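The structure appears right after this line, and notes come after that.
The values are calculated or read from the model by the stated rules, or taken from the named source; none is laboratory data. On a predicted model such as this, the values are computed, not experimentally measured, just so you know. Note: ideal-geometry Cβ built from the backbone for every residue, glycine included; neighbour counts use all protein chains shown.
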Amino acid sequence: MRYLTIALSKGRLTDMSIELFEAIGIDCTELKSSTRKLILSDEKNKIKFFLAKPADVPTYVEYGAADIGIVGKDTLLEEGRNVYEVLDLGFAACKMALAGPAELQGKIDELNIKRVGTKYPNIARNYFEKNRRESVEIIKLNGSVELAPLVGLSEVIVDLVESGRTLKENGLVVLDTIADISARMVVNRVSMKMENERIQKIIDGVREQLVARR
Amino acid sequence: MSKWKIYTPDGVRDILFDECYAKREMENRIRNTFRSYGYYEIETPTIEFFDVFSSEIEHFPQESMVKFFDQKGRILVLRPDITVPVARITATKNRDVQLPIKYSYIGNVFRFNEVGGGRQNEFTQAGVEMLGDYSSESDAEIIAVAINTLKSAGLENFQIDIGQVEFFKGLAEEAGFSNEDVDRISKLIDRKDFVGVEEIVNRYKMSSELRELILKLPGLFGSIEVIEKFKKATKNVRSLAALENIEEVIGILGDYGFSKYISVDLGMLKGLNYDTGIIFRGFTHGVGFPILSGGRYDSLTSSFGKDCPATGFSLGINMLMTAFENTQMSSEKPSVDSLICYKKCNRKSAIEIAEALRRQALNIETFMLIEEIEQGIDYAVSKQIGGVVFIQDNGKITIHDIVKNTINETSYDELINN
């Protein structure tokens, strides 16, 4: 039997993903041990795992280097990869939002020049081009995006908003919600067809788990 | 100034001996399969006007095409596909030719792709197109040619996934989706994004059966039973006609004996403006992308001034090569049968012998020795040529078998006649 390969996002999704796979009977002992091996396996079920930077997971899956991936919807939107997005895992839920100083509430359309600070240039560009139908200046940042409007680098930001606390503490508010974000299971388009039975079994198993937990 | 001299541009590459040989062999087998069904080969220009590819129906995104200008300032492109030129030919040069017209082609196309996993910016497409036939017979024949093409290329483990866009279009019409939402939801269904589909469906009022069916669309794939199941689930005339069409096509493919390669995906949706009926994709192990793709595109030729039903498929030869490579399937290699070595004084008889052997369809290289015979043997070893023929003075000829490490004497007559 061919190995199925699963790419997990390194970081906050890792533990929740492992727990979910264990619940459906996949052996993740190797994955949980703090080994330095990059590829870990469950020999009984012929499944290989690897951990990758979240932004790379959709790429691995699109190219078929991994059959299945677990990754946040934010990354999927940003990377725009051609994969099957088969399950909403529900965890790590938050929102992708347009945020800015409170005084801009209801006035974004009036702003002439819009500079947008964000870690997600593609999502921001898509949102402004498709939803708001306007051209904007995107400034790519790598962290603490809330800082940008405070120091005059940009008028607004596009970022993940979980509780909204960071925004609030810095005098910023959500101006518009762009998308609901949560962890997703993605599958390579060819694998879904060539290994349908095994992959469908994993999807169904995980789905049952999710329903049972609701 | 010559900073880029030693590099090739992004997404294009040199194809060297073994790979090029395997590719040509594969192309020849594919060409013969096309011919065996009566699809005759054409060549279209590598360069076309930008306008050819920028019609309403099939729009290759502007940014994906390689563009430049002619002397008159008109925009040219390197062709991003060959199907559109075939439609152009059918509506113009071949407009009075008896239908159906069956075309085949093998040629390079150019797109700014994201490179990797078998994808390149310049790649070879092989395909067939049948213009002028509406029937399920032609839908099925195209898929049969596709299957036989993969088989002739040496692939055994592959799958052809068949969909029918009219099934979705019927349901979308019934649901009353706005044009924008049709576009959006079709992409979501194609991505099997159940969550996204539900979000849009919830914004519309519709019967619970219809709602149910649209929500299930992303998961409507697998074996042929899918069709039977959903015939009962809808009364939509357009959608039912689509199911009958796909059922008939699969029935005909059964007559070809190809059922084992077929699966169904009613949630497969590619370009809604372009596709008008059956669509299909081919998959195999070892590549993460489809290796072939095809279907019905009845409205394309009308943008060139002639209404004509059409169906066809194209296959990515590079993608197929990647599949062979990644699954360690062996492919043919070029080989030379013998190396004929001689010193300058024996050149005439060496050339005579080489030409005589070449006429017998053997692959022969010649090598003029400056030093001793070891020089020729070293070269033969490095090129993996199994036999060295050494033409010596006074008509003496020795054969050095490099594999068995033997030397035998022979004569001119024996060599030519054996």
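Here is a yes/no grid of residues against (1) surrounded by fewer than 23 Cβ atoms within 10 Å (Cβ to Cβ); (2) within 18 Å of the chain's Cα centre (by Cα); (3) among the polar types (S, T, N, Q):
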site: A:GLY171; (1), (2), (3): yes, no, no
site: A:ASP176; (1), (2), (3): yes, no, no
site: A:ALA179; (1), (2), (3): yes, yes, no
site: A:ARG189; (1), (2), (3): no, no, no
site: A:ILE199; (1), (2), (3): yes, no, no
site: A:ASP204; (1), (2), (3): yes, no, no
site: A:GLU208; (1), (2), (3): yes, no, no
site: A:VAL211; (1), (2), (3): yes, no, no
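The requirement of being at pLDDT below 95, under 21 Å from B:LEU131 (Cα atoms) and acidic (Asp, Glu) is fulfilled nowhere in segment B:29-49; no residue meets it.
Close Cβ contacts (under 6 Å, 6 or more residues apart or on different chains) running from residues in segment B:374-399 that are in the same structural domain as B:CYS345 (by TED's automatic domain parsing) to residues that are assigned to a strand (DSSP E or B) and exposed (fewer than 13 other Cβ atoms within 10 Å of the Cβ) comprise B:GLY387/B:ASP401; B:THR398/B:ILE407; B:THR398/B:GLU409; B:ILE399/B:ASN408. Selection of first residues in segment A:153-166 that are closer than 17 Å to A:GLY72 by Cα and of second residues that are assigned to a loop (DSSP other than H, G, I, E, B), restricted to Cβ pairs under 7 Å at least 6 apart or on distinct chains, gives the following pairs, ordered by first then second residue: A:VAL158/A:TYR120; A:ASP159/A:LYS119; A:ASP159/A:VAL145. Comparison of A:LYS140, A:LYS193 shows that the only residue that is farther than 26 Å from B:ASP181 by Cα, more than 12 Å from chain B (Cβ to nearest Cβ) and of a type outside the set (Gly, Ala, Ser) is A:LYS140. Only one of the numbered conditions (1) surrounded by fewer than 23 Cβ atoms within 10 Å (Cβ to Cβ); (2) within 14 Å of chain B (Cβ to nearest Cβ) is not met by A:VAL86, and that is (1). For B:THR33, state whether it is assigned to a helix (DSSP H, G or I), of a type in the set (Ser, Thr, Tyr) and either assigned by TED's automatic domain parsing to the domain that holds B:LEU155 or within 21 Å of B:LYS102 (Cα to Cα) (or both). Against the criterion (assigned to a helix (DSSP H, G or I), of a type in the set (Ser, Thr, Tyr) and either assigned by TED's automatic domain parsing to the domain that holds B:LEU155 or within 21 Å of B:LYS102 (Cα to Cα) (or both)), B:THR33 qualifies.
Which of the residues spanning segment A:169-189 are part of a helix (DSSP H, G or I) and in contact with a helix residue (DSSP H, G or I) (Cβ under 9 Å, 6 or more places away or on another chain)?
Keep residues of segment A:169-189 that are part of a helix (DSSP H, G or I), which gives A:169, A:189.
Hit for segment A:169-189 is A:ARG189, nothing else.
Within segment A:101-120, take every residue that is without any contact (Cβ under 8 Å) to a residue 24 or more places away in the chain and assigned to a helix (DSSP H, G or I) and give me the one that is farthest from A:ARG81 (Cα to Cα). Reasoning before the result, please.
To start, the set of residues in segment A:101-120 that are without any contact (Cβ under 8 Å) to a residue 24 or more places away in the chain comprises A:103, A:106-107, A:109-110, A:112.
Next, from what is left, pick out any that are assigned to a helix (DSSP H, G or I): A:103, A:109-110.
On the way: A:GLU103: 36, A:ASP109: 30, A:GLU110: 34 Å.
Across segment A:101-120, the extreme among qualifying residues is A:GLU103.
Within segment B:25-57, being without any contact (Cβ under 8 Å) to a residue 24 or more places away in the chain and surrounded by 15 or more Cβ atoms within 10 Å (Cβ to Cβ) holds for one residue alone: B:SER54.
Name the single residue that is farthest from B:CYS345 (Cα to Cα) among those in segment B:356-373 being free of Cβ contacts under 8 Å to residues at least 60 places away in the same chain and among the aliphatic types (A, V, I, L, M). Before you say what the answer is, go through the steps one by one.
First, the residues of segment B:356-373 that are free of Cβ contacts under 8 Å to residues at least 60 places away in the same chain: B:357-373.
Cutting the leftovers down to among the aliphatic types (A, V, I, L, M) gives us B:357, B:361-362, B:364, B:368-370, B:373.
Values: B:LEU357: 20, B:ALA361: 27, B:LEU362: 25, B:ILE364: 20, B:MET368: 10, B:LEU369: 10, B:ILE370: 11, B:ILE373: 14 Å.
Looking at the filtered set, the residue picked out is B:ALA361.
Screening the candidates B:SER259, B:SER303, B:SER263, B:SER293 for the property of being out of contact with any helix residue (DSSP H, G or I) (no Cβ under 7 Å at 6 or more places or on another chain), assigned by TED's automatic domain parsing to the domain that holds B:VAL145, of a type in the set (S, T, N, Q) and at pLDDT below 95 yields one hit, B:SER303.
Any residue at all in segment B:55-62 that's part of a helix (DSSP H, G or I) and under 25 Å from B:ASN273 (Cα atoms)? Can you show your working first?
In the first step, residues of segment B:55-62 are kept if they are part of a helix (DSSP H, G or I); the result is B:62.
Going one step further and asking which of them are under 25 Å from B:ASN273 (Cα atoms), we end up with B:62.
Yes; the residues of segment B:55-62 include at least one that is part of a helix (DSSP H, G or I) and under 25 Å from B:ASN273 (Cα atoms).
Rundown of residues vs (1) surrounded by fewer than 17 Cβ atoms within 10 Å (Cβ to Cβ); (2) touching a Leu at 6+ places or on another chain (Cβ under 9 Å); (3) assigned to a helix (DSSP H, G or I); (4) within 13 Å of another protein chain (Cβ to nearest Cβ), yes/no style:
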position: B:ILE160; (1), (2), (3), (4): no, yes, no, yes
position: B:LEU171; (1), (2), (3), (4): no, yes, yes, no
position: B:LYS187; (1), (2), (3), (4): yes, yes, yes, yes
position: B:PHE230; (1), (2), (3), (4): no, yes, yes, no
position: B:LEU240; (1), (2), (3), (4): yes, no, yes, no
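I'd like to verify a number: residues in segment B:252-296 that are small (Gly, Ala, Ser) and within 11 Å of chain A (Cβ to nearest Cβ), how many?
Step one: filter segment B:252-296 for residues small (Gly, Ala, Ser), giving B:254, B:257, B:259, B:263, B:267, B:271, B:277, B:282, B:286, B:288, B:293-295.
Narrowing further to those that are within 11 Å of chain A (Cβ to nearest Cβ): B:263, B:267, B:282, B:286, B:288.
The qualifying residues number 5.
Identify, please: which residue in segment B:90-120 is within 20 Å of B:LEU76 (Cα to Cα) and part of a loop (DSSP other than H, G, I, E, B) and is, among those, farthest from the other protein chains (Cβ to nearest Cβ)? Ranking the candidates gives B:THR92 first.
In segment B:193-209, the residue that is surrounded by the most Cβ atoms within 10 Å (Cβ to Cβ) out of those that are within 23 Å of A:MET192 (Cα to Cα), in contact with a Lys or Arg (Cβ under 9 Å, 6 or more places away or on another chain) and of a type outside the set (A, V, I, L, M, F, W, C) is B:ASP193.
Which of the residues belonging to segment A:139-157 are closer than 18 Å to A:LEU172 by Cβ and either assigned to a helix (DSSP H, G or I) or in contact with a Lys or Arg (Cβ under 8 Å, 6 or more places away or on another chain) (or both)?
A:ILE139, A:LEU141, A:GLY143, A:VAL145, A:LEU147, A:ALA148, A:PRO149, A:LEU150, A:LEU153, A:SER154, A:GLU155, A:VAL156
When B:LEU150 is tested against (1) within 26 Å of A:TYR63 (Cβ to Cβ); (2) in contact with a Cys (Cβ under 9 Å, 6 or more places away or on another chain), only condition (2) is not met. Among the helices (runs of 4 or more DSSP H) confined to segment B:330-418, the ones with at least 1 residues that are of a type outside the set (Val, Ile, Thr) and under 30 Å from B:GLY154 (Cβ atoms) are located at B:347-359, B:373-382.
Take A:PHE21 and tell me if it is in contact with a strand residue (DSSP E or B) (Cβ under 9 Å, 6 or more places away or on another chain), over 24 Å from B:LYS187 (Cβ atoms), away from chain B (no Cβ under 14 Å) and in a strand (DSSP E or B). Spelling it out, it is not the case that A:PHE21 is in contact with a strand residue (DSSP E or B) (Cβ under 9 Å, 6 or more places away or on another chain), over 24 Å from B:LYS187 (Cβ atoms), away from chain B (no Cβ under 14 Å) and in a strand (DSSP E or B).
Listed conditions (1) among the aliphatic types (A, V, I, L, M); (2) touching a Gly at 6+ places or on another chain (Cβ under 8 Å); (3) more than 28 Å from B:ILE262 (Cα to Cα) are all met by B:VAL86, apart from (3).
Checking each residue in segment B:374-418 for being among the aliphatic types (A, V, I, L, M) and under 19 Å from B:ILE351 (Cα atoms) picks out B:ILE377, B:ALA380, B:ILE385, B:VAL388, B:VAL389, B:ILE391, B:ILE397, B:ILE399, B:LEU415, B:ILE416.
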